[in-house]
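Here is the structure we will look at, set down as structure tokens.
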Amino acid sequence: EPRVPDMASIAATGFGLSALAIGAERRWAPAKEAADRVRTTLQFFAEKVANQHGWFYHFQDASTGARYRDTELSSIDTALLLAGVLTVRAYFRKDREIFDLATEIYHRVDFEWMLNGDSQLLCHGWKPESGFLPYRWDQINEGTLLYALAIASPTHPIPPASWYAWKRTPMSYGGIEFVSSSPLFTHQYPQAWLDLRGRCDASPSRLNYFANSIRATEANRAFCINLGADFPKSYSADRWGLSASDGEKGYFAWGNPPHRDNIDGTLVPCAPAGSLMFTPGLCIRDLRKMQQDFGDRIWGRYGFVDAFNPTTGWTDPDVLGIDQGISLLSAENLRTGFVWRQFMWNPEMRNFLRLARFQQCKD
């Protein structure tokens with residue numbers, strides 16, 4: 001299918017807004033220029049982008065804000081956008097227009113509507129042609145960010161009990177015990193913004209999400225080491241990393257050990273890059289090894305490529321904003337905690353921690 005340059009991802013926009021705050025803080029761009037770009041983006045979403053009950057379509061026409069083809073109204077992609085909106089709301093809070101626009105965009109989202117009659121579990125999305133999608137956010141995954149935003153909403157909140165309505169599936173790989181249901185990015189995306197370091201919820205296991213994500217990253221590495229027996233050109237103890245990404249034959253949500261479906265030797269740099277905030281030593285060593293071994297083949301204008309396959313020689317020609325985004329945000333959180341600090345400045349997010357009964361972990 002031909003490329004569609006006017007198709008834009010709302011999730012990538014959430015990462016992009018956060019990147020503008022990082023760029024202004026690090027003086028990669030003049031603060032006024034970054035603020036102007038943020039303001040233009042927020043005006044677009046507040047006034048022009050198609051929405052229903054405050055929710056946005058997964059993909060849109062970047063020029064008009066209209067729904068792209070038959071894409072769904074996406075609850076999780078709206079959440080990723082909102083995370084960026086709240087990040088710039090905090091960072092540029094002295095700019096009253098930015099603050100007010102960001103507040104308007106977040107506060108008009110009708111989280112109760114997305115429950116679709118359920119008392120606790122949110123839907124994946126909605127289409128005007130067929131109504132709500134038949135799937136619920138009922139497992140531990142990237143939906144944790146969505147639930148945090150929904151519980152925290154001062155205008156259309158869902159019950160705090162929703163945080164405890166979804167399954168926390170225990171897993172074990174290579175002697176590593178962790179809770180997961182999906183690829184590595186599902187641990188990374190929520191905690192690029194939510195600062196859960198040292199905080200445990202009130203679930204029976206008193207789950208420490210940050211420590212759990214460390215173990216999920218270690219399990220990903222162990223998984224790749226074992227895959228090295230089948231793909232010796234791709235994986236080793238110091239060259240690893242699988243998560244949802246482009247592949248030579250399409251887009252795959254691979255890399256949740258022990259499932260080996262479709263794995264073909266692809267390496268995904270944003271897997272270790274997105275976990276820099278969890279396991280910096282392992283991830284930095286891995287990324288340096290990739291760059292040392294493959295050089296300009298996998299490093300370009302935007303940093304690492306999205307994915308590549310040392311076994312077949314394939315290199316992804318496309319750039320995915322969500323994958324570049326998680327790499328940048330995780331690196332910045334490792335260096336300074338900047339994104340965590342900005343996002344958690346928002347009073348709604350501090351209120352979420354209270355409503356969901358988070359406490360300091362005892363160990």
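Details
- Residue match in the stretch 74-92 (condition: in contact (Cβ under 8 Å) with a residue 12 or more places away in the chain, surrounded by fewer than 19 Cβ atoms within 10 Å (Cβ to Cβ) and over 22 Å from Ser330 (Cβ atoms)): no
- Among the residues of the stretch 320-338, those that are surrounded by 16 or more Cβ atoms within 10 Å (Cβ to Cβ) and of a type in the set (Val, Ile, Thr) comprise Ile322, Ile326.
- Answer from Pro204, Pro160, Pro183, Pro154 - the residue that is without any contact (Cβ under 8 Å) to a residue 24 or more places away in the chain and open to solvent by 10 Å² or more (accessible area, probe 1.4 Å): Pro204
- Of the criteria (1) in contact with a Ser or Thr (Cβ under 6 Å, 6 or more places away or on another chain); (2) under 22 Å from Gln360 (Cα atoms); (3) open to solvent by 20 Å² or more (accessible area, probe 1.4 Å), which one Phe231 fails: (2)
- Of residues in the stretch 339-363 being at pLDDT 95 or above and open to solvent by 60 Å² or more (accessible area, probe 1.4 Å), the one nearest to Gly303 (Cα to Cα): Arg341
- Of the residues making up the stretch 151-186, those that are within 27 Å of Ser327 (Cβ to Cβ) and part of a helix (DSSP H, G or I) number 3.
- Criterion applied to Gly241, Gly274 was being at positive phi and either in contact (Cβ under 8 Å) with a residue 24 or more places away in the chain or touching a Leu at 6+ places or on another chain (Cβ under 8 Å) (or both), and the one residue passing it is Gly241.
- Cross-chain or 6+ apart pairs with Cβ under 6 Å, the stretch 284-305 first and of a type outside the set (A, V, I, L, M, F, W, C), then open to solvent by 100 Å² or more (accessible area, probe 1.4 Å): Gln291/Trp299
- Complete set of residues in the stretch 64-73 that are of a type in the set (A, V, I, L, M) and open to solvent by 20 Å² or more (accessible area, probe 1.4 Å): Ala66
Every residue, every condition in (1) open to solvent by less than 10 Å² (accessible area, probe 1.4 Å); (2) of a type in the set (D, E, K, R); (3) closer than 28 Å to Pro170 by Cα; (4) part of a loop (DSSP other than H, G, I, E, B), yes or no:
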| site | (1), (2), (3), (4) |
| --- | --- |
| Asp264 | no, yes, yes, yes |
| Ala271 | yes, no, yes, no |
| Leu276 | no, no, yes, yes |
| Phe294 | no, no, no, no |
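The values are calculated or read from the model by the stated rules, or taken from the named source; none is laboratory data. Everything numeric in this text was worked out from a predicted model, so none of it was measured. Here the Cβ is made from the backbone with ideal geometry for all residues, glycine too, and neighbour counts use every protein chain on show. Side chains are part of the model used for accessible areas, which takes the heavy atoms of the whole protein and leaves out ligands, DNA and RNA. Shrake-Rupley method; radii C 1.70, N 1.55, O 1.52, S 1.80 Å.
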